[in-house]
1. Only one of these conditions is not met by residue 363: (1) at negative phi; (2) at pLDDT 95 or above. Which number is it?
2. Using beta carbons and a limit of 6 Å, which pairs, at least six apart or on different chains, have the first residue in region 331-342 and outside the structural domain of residue 297 (by TED's automatic domain parsing) and under 22 Å from residue 363 (Cβ atoms) and the second one in a strand (DSSP E or B) and at pLDDT 95 or above?
3. Could you list all residues from region 133-165 that are over 17 Å from residue 328 (Cα atoms), without any contact (Cβ under 8 Å) to a residue 40 or more places away in the chain and surrounded by fewer than 15 Cβ atoms within 10 Å (Cβ to Cβ)?
4. For residue 272, state whether it is out of contact with any helix residue (DSSP H, G or I) (no Cβ under 8 Å at 6 or more places or on another chain) and not in a strand (DSSP E or B).
5. Hey, can you tell me all the residues within region 140-196 that are part of a strand (DSSP E or B) and within 14 Å of residue 362 (Cβ to Cβ)?
6. Looking only at region 275-299, which residues are farther than 19 Å from residue 359 by Cα and part of a loop (DSSP other than H, G, I, E, B)?
7. Got a number for residues in region 70-83 being outside any helix (DSSP H, G or I) and either closer than 11 Å to residue 56 by Cβ or free of Cβ contacts under 8 Å to residues at least 24 places away in the same chain (or both)?
8. Restricted to region 166-197, and to residues that are more than 24 Å from residue 340 (Cα to Cα) and touching a strand residue (DSSP E or B) at 6+ places or on another chain (Cβ under 6 Å), which residue is surrounded by the most Cβ atoms within 10 Å (Cβ to Cβ)?
(Lines give C-alpha, C1' and ligand atoms only; values in the text may rest on other atoms or scores of the structure.)
Protein backbone atom coordinates (compact mmCIF):
# COMPACT_ATOMS: atom_id res chain seq x y z
CA UNK A 1 0.00 0.00 0.00
CA UNK A 2 3.01 2.30 0.22
CA UNK A 3 2.78 3.08 -3.47
CA UNK A 4 -0.77 4.44 -3.04
CA UNK A 5 0.51 6.82 -0.36
CA UNK A 6 3.29 8.01 -2.65
CA UNK A 7 0.86 8.53 -5.53
CA UNK A 8 -1.50 10.53 -3.31
CA UNK A 9 1.37 12.72 -2.13
CA UNK A 10 2.26 13.40 -5.75
CA UNK A 11 -1.37 14.29 -6.46
CA UNK A 12 -1.34 16.66 -3.49
CA UNK A 13 1.73 18.37 -4.95
CA UNK A 14 -0.25 18.87 -8.15
CA UNK A 15 -3.09 20.38 -6.09
CA UNK A 16 -0.68 23.00 -4.78
CA UNK A 17 0.85 23.59 -8.21
CA UNK A 18 -2.60 24.16 -9.72
CA UNK A 19 -3.44 26.51 -6.83
CA UNK A 20 -6.68 24.77 -5.89
CA UNK A 21 -7.96 23.33 -2.61
CA UNK A 22 -8.79 19.85 -3.91
CA UNK A 23 -9.03 17.51 -6.88
CA UNK A 24 -12.28 15.77 -7.84
CA UNK A 25 -11.19 12.56 -9.57
CA UNK A 26 -13.90 10.95 -11.72
CA UNK A 27 -11.85 9.03 -14.31
CA UNK A 28 -12.18 5.34 -13.26
CA UNK A 29 -8.59 4.54 -14.28
CA UNK A 30 -7.23 7.45 -12.24
CA UNK A 31 -9.35 6.37 -9.26
CA UNK A 32 -7.86 2.88 -9.50
CA UNK A 33 -4.34 4.32 -9.79
CA UNK A 34 -4.74 6.46 -6.66
CA UNK A 35 -6.76 4.10 -4.47
CA UNK A 36 -7.00 0.59 -5.93
CA UNK A 37 -10.80 0.90 -6.21
CA UNK A 38 -12.26 -0.70 -9.37
CA UNK A 39 -16.03 -0.30 -9.02
CA UNK A 40 -18.16 1.13 -11.81
CA UNK A 41 -19.46 4.00 -9.69
CA UNK A 42 -17.31 6.12 -7.45
CA UNK A 43 -15.25 9.27 -7.26
CA UNK A 44 -12.34 10.55 -5.20
CA UNK A 45 -12.03 13.85 -3.43
CA UNK A 46 -8.40 14.63 -2.63
CA UNK A 47 -7.43 17.64 -0.54
CA UNK A 48 -4.00 18.67 0.69
CA UNK A 49 -4.47 16.48 3.77
CA UNK A 50 -7.40 14.11 3.22
CA UNK A 51 -8.74 11.61 0.66
CA UNK A 52 -12.36 10.43 0.48
CA UNK A 53 -13.80 7.74 -1.78
CA UNK A 54 -17.53 8.11 -2.46
CA UNK A 55 -19.33 5.02 -3.78
CA UNK A 56 -22.63 3.17 -3.44
CA UNK A 57 -23.83 0.10 -1.56
CA UNK A 58 -22.74 -2.32 -4.30
CA UNK A 59 -19.09 -1.57 -3.67
CA UNK A 60 -18.83 -0.51 -0.02
CA UNK A 61 -17.64 -3.87 1.28
CA UNK A 62 -15.16 -4.29 -1.58
CA UNK A 63 -13.84 -0.77 -1.05
CA UNK A 64 -13.27 -1.30 2.65
CA UNK A 65 -10.85 -4.17 2.14
CA UNK A 66 -9.26 -2.97 -1.14
CA UNK A 67 -8.47 0.70 -0.59
CA UNK A 68 -5.83 1.81 1.93
CA UNK A 69 -7.13 2.35 5.47
CA UNK A 70 -6.24 6.05 5.46
CA UNK A 71 -8.72 6.69 2.64
CA UNK A 72 -12.16 7.45 4.07
CA UNK A 73 -14.97 5.52 2.34
CA UNK A 74 -18.46 7.06 2.22
CA UNK A 75 -21.67 5.34 1.12
CA UNK A 76 -23.69 7.78 -1.01
CA UNK A 77 -26.45 5.37 -2.08
CA UNK A 78 -29.28 7.22 -0.35
CA UNK A 79 -28.21 10.79 -1.11
CA UNK A 80 -27.40 9.97 -4.74
CA UNK A 81 -31.08 9.26 -5.40
CA UNK A 82 -32.25 12.42 -3.64
CA UNK A 83 -31.09 15.69 -5.31
CA UNK A 84 -31.79 17.77 -2.19
CA UNK A 85 -29.96 15.38 0.14
CA UNK A 86 -27.08 15.09 -2.33
CA UNK A 87 -26.68 18.86 -2.47
CA UNK A 88 -26.79 19.20 1.32
CA UNK A 89 -24.30 16.37 1.84
CA UNK A 90 -21.86 17.64 -0.78
CA UNK A 91 -21.96 21.22 0.47
CA UNK A 92 -21.45 20.02 4.04
CA UNK A 93 -18.31 18.16 2.89
CA UNK A 94 -16.99 21.21 1.05
CA UNK A 95 -17.55 23.50 4.06
CA UNK A 96 -16.06 21.06 6.58
CA UNK A 97 -12.90 20.67 4.51
CA UNK A 98 -12.76 24.41 3.71
CA UNK A 99 -12.58 23.81 -0.02
CA UNK A 100 -12.60 27.09 -1.93
CA UNK A 101 -11.59 25.76 -5.35
CA UNK A 102 -11.71 22.34 -7.02
CA UNK A 103 -9.81 20.87 -9.96
CA UNK A 104 -12.04 18.62 -12.06
CA UNK A 105 -11.30 16.20 -14.93
CA UNK A 106 -13.00 17.96 -17.83
CA UNK A 107 -11.99 15.34 -20.36
CA UNK A 108 -13.89 12.72 -18.35
CA UNK A 109 -17.12 14.50 -17.42
CA UNK A 110 -20.03 14.93 -19.80
CA UNK A 111 -21.66 18.36 -20.08
CA UNK A 112 -24.68 17.02 -18.17
CA UNK A 113 -22.49 15.66 -15.36
CA UNK A 114 -20.61 18.94 -15.05
CA UNK A 115 -23.85 20.92 -14.96
CA UNK A 116 -25.11 18.64 -12.18
CA UNK A 117 -21.90 19.18 -10.25
CA UNK A 118 -22.19 22.96 -10.62
CA UNK A 119 -25.82 22.82 -9.48
CA UNK A 120 -25.12 20.93 -6.25
CA UNK A 121 -22.00 22.97 -5.51
CA UNK A 122 -23.50 26.39 -6.06
CA UNK A 123 -21.13 29.29 -5.51
CA UNK A 124 -19.13 27.62 -2.76
CA UNK A 125 -16.13 26.82 -4.93
CA UNK A 126 -14.33 27.91 -8.06
CA UNK A 127 -13.48 25.25 -10.66
CA UNK A 128 -10.34 24.55 -12.70
CA UNK A 129 -9.97 21.93 -15.43
CA UNK A 130 -7.06 19.67 -14.48
CA UNK A 131 -7.42 17.20 -17.37
CA UNK A 132 -4.23 15.22 -17.89
CA UNK A 133 -2.65 15.98 -14.52
CA UNK A 134 -3.13 12.52 -12.99
CA UNK A 135 -2.28 10.96 -16.36
CA UNK A 136 1.07 12.76 -16.19
CA UNK A 137 1.73 11.05 -12.86
CA UNK A 138 0.77 7.68 -14.34
CA UNK A 139 3.34 8.14 -17.10
CA UNK A 140 6.14 7.57 -14.57
CA UNK A 141 5.83 4.01 -13.31
CA UNK A 142 6.93 2.99 -9.81
CA UNK A 143 8.74 -0.28 -9.13
CA UNK A 144 5.47 -2.04 -8.28
CA UNK A 145 3.96 -1.07 -11.63
CA UNK A 146 7.04 -2.05 -13.60
CA UNK A 147 6.99 -5.50 -11.97
CA UNK A 148 3.35 -5.97 -12.99
CA UNK A 149 4.01 -4.72 -16.53
CA UNK A 150 6.95 -7.11 -16.81
CA UNK A 151 4.78 -10.04 -15.67
CA UNK A 152 2.02 -9.03 -18.08
CA UNK A 153 4.47 -8.98 -20.97
CA UNK A 154 5.94 -12.33 -19.94
CA UNK A 155 2.47 -13.87 -20.18
CA UNK A 156 2.07 -12.17 -23.56
CA UNK A 157 5.35 -13.54 -24.91
CA UNK A 158 4.64 -17.05 -23.65
CA UNK A 159 1.20 -16.90 -25.27
CA UNK A 160 2.74 -15.86 -28.60
CA UNK A 161 5.20 -18.74 -28.46
CA UNK A 162 2.30 -21.15 -28.01
CA UNK A 163 0.42 -19.46 -30.84
CA UNK A 164 3.35 -20.01 -33.20
CA UNK A 165 3.29 -23.72 -32.34
CA UNK A 166 -0.48 -23.78 -32.82
CA UNK A 167 -0.12 -22.29 -36.31
CA UNK A 168 2.59 -24.80 -37.19
CA UNK A 169 0.47 -27.72 -35.95
CA UNK A 170 -2.56 -26.58 -37.93
CA UNK A 171 -0.46 -26.21 -41.06
CA UNK A 172 1.02 -29.68 -40.67
CA UNK A 173 -2.46 -31.11 -40.32
CA UNK A 174 -3.51 -29.01 -43.32
CA UNK A 175 -6.45 -27.68 -41.38
CA UNK A 176 -8.02 -24.42 -42.57
CA UNK A 177 -7.05 -21.53 -40.30
CA UNK A 178 -8.88 -18.20 -40.07
CA UNK A 179 -7.72 -14.96 -38.44
CA UNK A 180 -10.45 -15.24 -35.82
CA UNK A 181 -9.32 -18.78 -34.96
CA UNK A 182 -5.94 -17.42 -33.91
CA UNK A 183 -7.48 -14.40 -32.16
CA UNK A 184 -9.65 -16.72 -30.07
CA UNK A 185 -6.71 -19.02 -29.32
CA UNK A 186 -4.69 -16.01 -28.10
CA UNK A 187 -7.41 -15.21 -25.57
CA UNK A 188 -7.78 -18.81 -24.43
CA UNK A 189 -4.07 -19.46 -23.97
CA UNK A 190 -3.54 -16.09 -22.29
CA UNK A 191 -6.19 -16.90 -19.69
CA UNK A 192 -4.63 -20.32 -19.10
CA UNK A 193 -1.27 -18.65 -18.43
CA UNK A 194 -2.68 -16.27 -15.82
CA UNK A 195 -3.95 -13.24 -17.70
CA UNK A 196 -7.17 -11.73 -16.35
CA UNK A 197 -8.11 -10.28 -19.73
CA UNK A 198 -6.62 -9.12 -23.02
CA UNK A 199 -5.45 -5.51 -23.30
CA UNK A 200 -7.37 -5.20 -26.57
CA UNK A 201 -8.91 -7.53 -29.13
CA UNK A 202 -5.97 -9.29 -30.80
CA UNK A 203 -5.13 -8.06 -34.29
CA UNK A 204 -4.47 -11.03 -36.55
CA UNK A 205 -3.93 -10.17 -40.21
CA UNK A 206 -3.13 -12.56 -43.07
CA UNK A 207 -1.59 -11.54 -46.38
CA UNK A 208 -2.81 -8.22 -47.76
CA UNK A 209 -4.83 -7.59 -44.59
CA UNK A 210 -1.51 -6.90 -42.83
CA UNK A 211 -1.30 -3.61 -44.77
CA UNK A 212 -4.12 -2.28 -42.54
CA UNK A 213 -2.40 -1.17 -39.28
CA UNK A 214 -5.46 -1.86 -37.10
CA UNK A 215 -7.11 -4.60 -39.10
CA UNK A 216 -10.11 -6.29 -37.48
CA UNK A 217 -9.55 -10.04 -37.38
CA UNK A 218 -12.05 -11.78 -39.63
CA UNK A 219 -12.73 -14.98 -41.52
CA UNK A 220 -9.85 -14.65 -44.00
CA UNK A 221 -8.13 -18.03 -44.35
CA UNK A 222 -4.37 -18.44 -44.16
CA UNK A 223 -2.68 -19.19 -47.47
CA UNK A 224 0.68 -20.87 -47.97
CA UNK A 225 2.70 -17.74 -48.79
CA UNK A 226 0.89 -15.25 -46.56
CA UNK A 227 2.60 -12.90 -44.17
CA UNK A 228 1.05 -13.16 -40.70
CA UNK A 229 0.91 -10.04 -38.52
CA UNK A 230 -0.11 -10.50 -34.88
CA UNK A 231 -0.57 -7.58 -32.46
CA UNK A 232 -1.59 -8.76 -29.00
CA UNK A 233 -1.62 -7.80 -25.34
CA UNK A 234 -2.57 -9.24 -21.95
CA UNK A 235 -3.78 -7.75 -18.70
CA UNK A 236 -2.28 -8.85 -15.40
CA UNK A 237 -3.60 -7.31 -12.16
CA UNK A 238 -4.90 -4.38 -14.18
CA UNK A 239 -1.71 -3.71 -16.14
CA UNK A 240 -1.49 -4.06 -19.90
CA UNK A 241 1.14 -5.41 -22.26
CA UNK A 242 1.58 -4.90 -25.99
CA UNK A 243 3.58 -6.80 -28.56
CA UNK A 244 3.57 -7.18 -32.36
CA UNK A 245 5.33 -9.71 -34.55
CA UNK A 246 5.26 -10.20 -38.29
CA UNK A 247 5.87 -13.77 -39.45
CA UNK A 248 7.25 -14.07 -42.96
CA UNK A 249 6.41 -17.06 -45.19
CA UNK A 250 9.03 -19.78 -45.66
CA UNK A 251 10.02 -18.27 -48.98
CA UNK A 252 9.59 -14.51 -48.61
CA UNK A 253 9.86 -12.27 -51.65
CA UNK A 254 12.72 -9.83 -52.09
CA UNK A 255 10.37 -6.94 -51.26
CA UNK A 256 9.06 -8.65 -48.12
CA UNK A 257 12.61 -9.19 -46.87
CA UNK A 258 13.56 -5.59 -47.67
CA UNK A 259 10.55 -4.17 -45.81
CA UNK A 260 11.08 -6.45 -42.83
CA UNK A 261 14.76 -5.52 -42.61
CA UNK A 262 13.97 -1.80 -42.81
CA UNK A 263 11.35 -1.97 -40.05
CA UNK A 264 13.69 -4.01 -37.86
CA UNK A 265 16.51 -1.48 -38.36
CA UNK A 266 14.15 1.40 -37.59
CA UNK A 267 13.11 -0.21 -34.33
CA UNK A 268 16.66 -1.12 -33.35
CA UNK A 269 17.87 2.42 -34.05
CA UNK A 270 15.15 3.74 -31.74
CA UNK A 271 15.81 1.31 -28.90
CA UNK A 272 19.56 1.87 -29.13
CA UNK A 273 19.31 5.66 -28.96
CA UNK A 274 16.26 6.09 -26.73
CA UNK A 275 17.17 7.87 -23.49
CA UNK A 276 15.75 10.32 -20.96
CA UNK A 277 15.71 13.95 -22.04
CA UNK A 278 14.57 13.35 -25.60
CA UNK A 279 11.27 14.81 -26.76
CA UNK A 280 8.53 12.49 -27.99
CA UNK A 281 9.01 13.73 -31.55
CA UNK A 282 12.78 13.15 -31.34
CA UNK A 283 12.17 9.51 -30.39
CA UNK A 284 9.72 9.23 -33.28
CA UNK A 285 12.32 10.57 -35.69
CA UNK A 286 14.78 7.83 -34.68
CA UNK A 287 12.49 5.30 -36.34
CA UNK A 288 10.96 7.52 -39.01
CA UNK A 289 14.32 8.68 -40.41
CA UNK A 290 15.39 5.09 -41.16
CA UNK A 291 12.13 4.37 -42.95
CA UNK A 292 12.27 7.67 -44.86
CA UNK A 293 15.86 7.02 -45.96
CA UNK A 294 14.73 3.65 -47.33
CA UNK A 295 12.10 5.42 -49.45
CA UNK A 296 8.98 4.39 -47.53
CA UNK A 297 8.07 7.65 -45.77
CA UNK A 298 4.51 7.61 -47.13
CA UNK A 299 3.98 4.06 -45.88
CA UNK A 300 4.51 4.81 -42.17
CA UNK A 301 1.47 6.81 -41.07
CA UNK A 302 1.13 6.20 -37.34
CA UNK A 303 3.31 7.18 -34.41
CA UNK A 304 6.34 5.18 -33.33
CA UNK A 305 4.90 4.22 -29.95
CA UNK A 306 3.03 5.06 -26.78
CA UNK A 307 3.05 4.64 -23.04
CA UNK A 308 1.52 1.52 -21.47
CA UNK A 309 0.09 1.00 -18.01
CA UNK A 310 -3.41 0.62 -16.60
CA UNK A 311 -4.53 1.56 -20.10
CA UNK A 312 -3.07 0.23 -23.32
CA UNK A 313 -2.45 3.78 -24.59
CA UNK A 314 -1.07 6.25 -22.06
CA UNK A 315 1.31 9.19 -21.94
CA UNK A 316 3.74 9.65 -23.57
CA UNK A 317 2.68 9.55 -27.22
CA UNK A 318 5.65 9.00 -29.53
CA UNK A 319 4.69 10.87 -32.68
CA UNK A 320 5.88 13.67 -34.96
CA UNK A 321 4.19 16.42 -32.93
CA UNK A 322 4.98 15.23 -29.40
CA UNK A 323 6.73 17.78 -27.20
CA UNK A 324 6.76 15.99 -23.84
CA UNK A 325 10.12 14.95 -22.46
CA UNK A 326 10.96 11.28 -21.99
CA UNK A 327 11.73 10.56 -18.32
CA UNK A 328 13.09 7.63 -16.31
CA UNK A 329 10.31 5.29 -15.25
CA UNK A 330 8.30 5.59 -18.44
CA UNK A 331 7.30 2.33 -20.13
CA UNK A 332 6.94 2.68 -23.89
CA UNK A 333 6.15 0.65 -26.95
CA UNK A 334 8.40 1.09 -29.97
CA UNK A 335 6.45 -0.08 -33.01
CA UNK A 336 7.50 1.23 -36.42
CA UNK A 337 5.76 -0.22 -39.46
CA UNK A 338 5.61 -0.08 -43.24
CA UNK A 339 2.33 -0.77 -45.01
CA UNK A 340 1.91 -1.35 -48.76
CA UNK A 341 -1.83 -1.09 -49.51
CA UNK A 342 -3.24 -4.19 -51.18
CA UNK A 343 0.02 -6.09 -50.74
CA UNK A 344 1.24 -6.54 -47.17
CA UNK A 345 2.48 -4.74 -44.08
CA UNK A 346 5.20 -5.26 -41.49
CA UNK A 347 5.18 -4.01 -37.90
CA UNK A 348 7.50 -4.99 -35.06
CA UNK A 349 6.65 -3.87 -31.53
CA UNK A 350 8.33 -4.24 -28.18
CA UNK A 351 7.92 -2.65 -24.75
CA UNK A 352 10.82 -0.92 -23.03
CA UNK A 353 11.41 0.62 -19.60
CA UNK A 354 13.29 3.92 -19.70
CA UNK A 355 16.06 3.99 -17.08
CA UNK A 356 18.32 6.89 -16.07
CA UNK A 357 20.90 6.15 -18.76
CA UNK A 358 19.36 3.63 -21.16
CA UNK A 359 16.36 1.35 -21.73
CA UNK A 360 15.45 -2.16 -20.69
CA UNK A 361 13.54 -4.03 -23.37
CA UNK A 362 10.88 -6.32 -21.93
CA UNK A 363 10.78 -8.62 -24.96
CA UNK A 364 13.21 -10.39 -27.21
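The values are calculated or read from the model by the stated rules, or taken from the named source; none is laboratory data. Just so it is clear, the model here is predicted, and its values are computed rather than measured. Cβ sites come from the backbone with ideal geometry, for glycine too, and all protein chains shown count toward neighbours.
1. For residue 363, the failing item is (2).
2. Matching pairs, first to second residue: none at all.
3. 161, 165
4. yes
5. Result: no residue meets the conditions.
6. Within region 275-299, 294, 295, 296 meet the criteria.
7. Here the count works out to 7.
8. Top of the filtered list is 190.
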